[in-house]
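Contents: one structure, followed by commentary.
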Amino acid sequence: MNIIKKGMRFIRKFIFYLSSFLPLYLLLFIQNVQIKGENQKKLTIKAFFSQFYLTSSGSVKIFWIVLTILSMVSILGVFIFAKIYMKSSGRKATLKNVNYVREDTMGYIVTYIVPMIAMDIHSGRSLLVNFLLFLIIGSFYIKNDQIFMNPLYNFFGFNVFSAEDRVYITKLKKHEIRVISKNNTEVRINNILGDIYLLTKD
């Protein structure tokens, strides 16, 4: 039973990790998709869609297949967060001695996401190097429960901050957090993983 729980926990962390790169998948798609053919004429609908799996070959085909799988799994991660964690009732709690320290997700984008945009999808070596980098980052991300390092939270209006040796993901503003802490107002928290919680007003 312990093995099953650990396995499920790993899968959840892995899905959250993949979803943190969703902006990268979108940028890679925009950068590499072909809209015009060799004659500079717009591709037909059939030609446009066939470039992903049918007419492409070698490393390009692998790129599109992997990108599609990663994108689908990432969307699943967003769905899990929106439909399961945000809809869960969680439990009531109070915030005490809050030392608001906002986590820097922008650094995550600059350090990990931006460099991968430069990959050459026509080079098997480039794809391999970026894939290995992706795995190395993932091992650090998963091992250290870094699921809060996700630019999608900021994109959808969430703030990520740490307090009481916990990391909270919330749509509450900094001044609201401090007022809640000062007045010992009850909030609702829902554990996502480890010491990471989704925080909402009660």
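Here are the numbers for this structure:
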read-out	value
Exposed trypsin sites (Lys or Arg not before Pro) absent: longest stretch of the chain, with sites in DSSP loops and at most 11 other Cβ within 10 Å deemed exposed	97-172
Square roots of 5 times each gyration tensor eigenvalue, C-alpha, the range 2-201, largest first, Å	39, 17, 16
The chain: DSSP helices with Cα axial extent of at least 18 Å and average Kyte-Doolittle hydropathy no lower than 0.0	2-19, 58-80, 124-143
Cα centroid separation - the range 1-31 against the range 52-80, whole Å	14 Å
FRET efficiency, 1/(1 + (r/R0)^6) with R0 41 Å, evaluated for residue 171 and residue 143 via beta carbons	0.90
Simple label model, 7 Å out from Cα along Cβ direction - residue 128 to residue 92, nm	6.0 nm
Residues residue 136 and residue 184, FRET efficiency given R0 of 41 Å [Cβ-Cβ distance, rounded to 0.05]	0.40
Percent RCO, i.e. relative contact order, over the chain, from Cα pairs under 8 Å lying at least 6 residues apart	27 percent
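Read the figures in this text as sums done on the coordinates, not as results from a lab. Note that this is a predicted model, so its numbers are computed, not measured. Counting neighbours? That spans all protein chains shown, and the Cβs are built from the backbone with ideal geometry, glycine included.
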